[in-house]
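Notes for the one structure printed next.
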Amino acid sequence: MKSLIVYHSETGNTRRVAEYIHEKTDSDIIELNPEKKYSRIGMYTSGIKRALMQQGDEIGISNIDLSNYDIVIIGTPVWGGHPTPVVNAGLGIIKEAKGKKAVAFATYRGSEGETLNILRKRLEDAGMNVLGAYGFSEKETEDSGKIDEMIKEAGL
Ligand SMILES: Cc1cc2nc3c(=O)[nH]c(=O)nc-3n(C[C@H](O)[C@H](O)[C@H](O)COP(=O)(O)O)c2cc1C
């Protein structure tokens with residue numbers, strides 16, 4: 001089964017999980033980036049505000065086509081208990097999603113908040129079959145154990 005991993009990462013934790021999944025599975029990988037790079041402070045001011053309002057950033061691409069994939073794996077950092085604006089934008093441009101499988105994951109410091117519920121709902125609303133939604137604390141992103149469990153459980 002061929003997967004497409006789509007993720008955003010500002011400080012490397014989500015990237016670590018995404019790249020590990022990429023190494024271990026038959027997958028392609030896309031890193032989403034904001035067109036206007038966040039400053040350290042900007043993440044905590046406008047970034048969180050935009051995340052809470054579930055807004056999307058400009059990410060410089062207009063189409064993520066799932067035609068050639070069986071599964072999409074979406075990864076986001078948790079910002080204010082929500083997916084990041086970059087991931088919101090990515091979710092908005094996924095094409096040929098209906099009937100495809102999806103897995104969501106989020107990395108967080110203390111708590112994932114509403115992040116996984118929101119991702120699950122958006123993927124389901126796009127007609128996808130969500131196989132699972134997984135949260136990884138910062139510490140868990142540094143150890144393959146829980147990531148291996150996810151790969152096995154979701155059949156990636
Ligand atoms: C702007 C901002 C908001 C954050 N909000 C939360 C939060 O609400 N809950 C939490 O547990 N961690 C929060 N964190 C910590 C990140 O979710 C955590 O460090 C995550 O692994 C970062 O992923 P990355 O390294 O891929 O960017 C926040 C970090 C930033 C920069």
### Query
Out of Glu112, Glu96, which single residue is over 16 Å from Asp28 (Cα atoms) and away from the ligand (no atom under 16 Å from the Cβ)?
Glu96
### Query
(1) in contact with a helix residue (DSSP H, G or I) (Cβ under 7 Å, 6 or more places away or on another chain); (2) within 16 Å of the ligand (Cβ to nearest atom): which one isn't true of Val103, the others all being true?
(2)
### Summary
Note on region 121-130: residues surrounded by 17 or more Cβ atoms within 10 Å (Cβ to Cβ) and of a type outside the set (Val, Ile, Thr) are Arg122, Leu123, Ala126, Met128
### Task
State the number of residues belonging to region 133-156 that are surrounded by fewer than 17 Cβ atoms within 10 Å (Cβ to Cβ) and under 14 Å from the mean Cα position of the chain (by Cα).
0
### Query
Mind checking which pairs have a first residue in region 99-112 that is farther than 13 Å from Asn13 by Cβ and a second that is of a type in the set (A, V, I, L, M) and assigned to a loop (DSSP other than H, G, I, E, B), Cβ under 6 Å, 6 or more apart or different chains?
Lys100/Leu66; Lys100/Met128; Ala102/Met128
### Task
Starting from region 138-156, keep only residues that are part of a loop (DSSP other than H, G, I, E, B), then list their pairs with residues that are among the aromatic types (Phe, Trp, Tyr) whose Cβ atoms are within a distance under 9 Å, requiring at least 6 positions of separation or different chains.
Glu138/Tyr108
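Within region 14-24, does at least one residue satisfy the condition of being among the basic types (Lys, Arg), within 11 Å of the ligand (Cβ to nearest atom), in contact (Cβ under 8 Å) with a residue 24 or more places away in the chain and over 22 Å from Gly92 (Cβ atoms)? Show your work before the answer.
Keep residues of region 14-24 that are among the basic types (Lys, Arg), which gives 15-16, 24.
Add one more test, that the residue is within 11 Å of the ligand (Cβ to nearest atom), and what stays is 15-16.
Retained after the next criterion (residues that are in contact (Cβ under 8 Å) with a residue 24 or more places away in the chain): 16.
Those left that are additionally over 22 Å from Gly92 (Cβ atoms): 16.
Looking through region 14-24, at least one residue is among the basic types (Lys, Arg), within 11 Å of the ligand (Cβ to nearest atom), in contact (Cβ under 8 Å) with a residue 24 or more places away in the chain and over 22 Å from Gly92 (Cβ atoms).
How many residues are among the aromatic types (Phe, Trp, Tyr) and out of contact with any helix residue (DSSP H, G or I) (no Cβ under 8 Å at 6 or more places or on another chain) if we restrict to region 18-46?
Narrowing region 18-46 to residues among the aromatic types (Phe, Trp, Tyr): 20, 38, 44.
Adding the requirement that they be out of contact with any helix residue (DSSP H, G or I) (no Cβ under 8 Å at 6 or more places or on another chain) leaves 44.
So the answer is 1.
Test Glu31 against the stated conditions and say whether it is under 19 Å from Glu149 (Cβ atoms) and of a type outside the set (Lys, Arg). Break it down stepwise before answering.
Details: under 19 Å from Glu149 (Cβ atoms): no; of a type outside the set (Lys, Arg): yes.
No: the conditions fail for Glu31.
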### Task
Please name all residue pairs, on different chains or six or more residues apart, with Cβ atoms under 6 Å, provided the first residue is in region 35-47 and is within 14 Å of Pro77 (Cβ to Cβ) and the second residue is at pLDDT below 95.
none
### Message
Condition (residue is within 23 Å of Gly99 (Cβ to Cβ), crowded, with 19+ Cβ neighbours inside 10 Å and within 13 Å of the ligand (Cβ to nearest atom)) applied to region 47-67: is it met by at least one residue?
### Response
no
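The values are calculated or read from the model by the stated rules, or taken from the named source; none is laboratory data. Model, not experiment: these values are computed from the prediction. Ideal geometry is used to build each Cβ from the backbone, glycine not excepted, and the neighbour counts take in all protein chains shown.
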